[in-house]
Amino acid sequence: MSSTPQPPPPPPQPQPPEGSRTGRLLAGVVLVVLGAAWLLEILGAVEVPWDVVLPGGLILIGAVLLLNARSASGQGGLIATGIVLTVVLALGSAIDFPISGGVGERREVPTSAAQLEEGYRLAVGQLTVDLTELSSDGQSRGDLRMRARVGIGQLVVIVPEDLPVRVEARAGLGNVRVFGTEGSGFDVERTADRGTDARLELVLSVGLGQVEVRRG
């Protein structure tokens with residue numbers, strides 16, 4: 001009695017190249033680290049030095065790509081991450097927008113000159129600074145100065161009706177509107193000097209978006 005022949009064993013599954021696994025792992029680690037750092041900054045837990053972190057991540061990605069140059073297949077995720085970091089750094093250099101500062105919609109209502117000293121920053125979103133409750137705290141005229149910057153989005157500053165103010169507003173790419181005077185395009189700048197003895201000087205900038213200064 002003849003035995004039934006057994007089917008041949010299935011061929012072994014091909015294993016992905018070592019470079020592919022390394023590239024995907026590094027891309028995931030870079031994205032997790034950047035996301036965690038951004039979340040911690042939004043929550044106010046830490047101040048992340050993005051001007052160091054982003055170039056460092058790009059250098060690390062480039063080094064791994066060089067080491068795995070012979071096995072370029074499977075490196076798509078790592079290459080895509082590197083492209084994104086390159087674009088962000090290029091935009092930051094070209095239009096000078098702050099990467100740090102958090103994201104979202106923020107409204108600040110300072111009531112004293114001391115609150116203006118450190119300035120205000122926002123990476124992405126809308127920042128509104130309402131100065132209608134501002135008190136000079138007995139300071140002499142010309143002593144008040146405020147800086148505010150937004151990376152991508154809108155920066156709105158509201159000043160009191162009777163407060164003499166000097167304004168320097170700039171947009172790397174977008175729109176600038178200062179007391180009804182408006183300009184749009186690339187590297188737009190508008191200035192205004194309302195009062196010969198201005199009590200408040202505003203230095204405002206947005207990388208990509210709009211700056212607006214109005215009375216309120």
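Karplus couplings for the stretch 59-66 from phi (6.51 cos²θ - 1.76 cosθ + 1.60, θ = phi - 60°), rounded to Hz, Gly and Pro as x?
5, 4, 5, x, 5, 5, 4, 5
State, to one decimal in nm, how far the label point of Leu31 lies from the label point of Thr111, with both points 7 Å from Cα in the Cβ direction.
4.6
Suppose each label sits 7 Å from its Cα in the direction of the beta carbon; what would the Ser184-Gln126 distance come out to in nanometres?
Placing both labels 7 Å along Cα→Cβ, they lie 1.8 nm apart.
In the stretch 103-215, with Lys and Arg counted as +1 and Asp and Glu as -1 at Cβ, which of these residues, Gly151, Val129, Ala114, has the Cα nearest the positive end of the dipole, that is, farthest along it?
The one lying farthest along the dipole's positive direction is Gly151.
Kirkwood Rh, the stretch 103-215, all Cα pairs: how many Å? Write down the numbers at each step before the final one.
Working: mean 1/r = 0.0724 Å⁻¹.
13.8 Å is the Kirkwood radius here.
Values quoted throughout were computed directly from the atomic coordinates according to the rules given, and no laboratory measurement underlies them. In this text, all values refer to a predicted model and were calculated from it rather than measured experimentally. For neighbour counting, all protein chains shown are included, and Cβ atoms are generated from backbone atoms with ideal geometry for every residue, glycine included.
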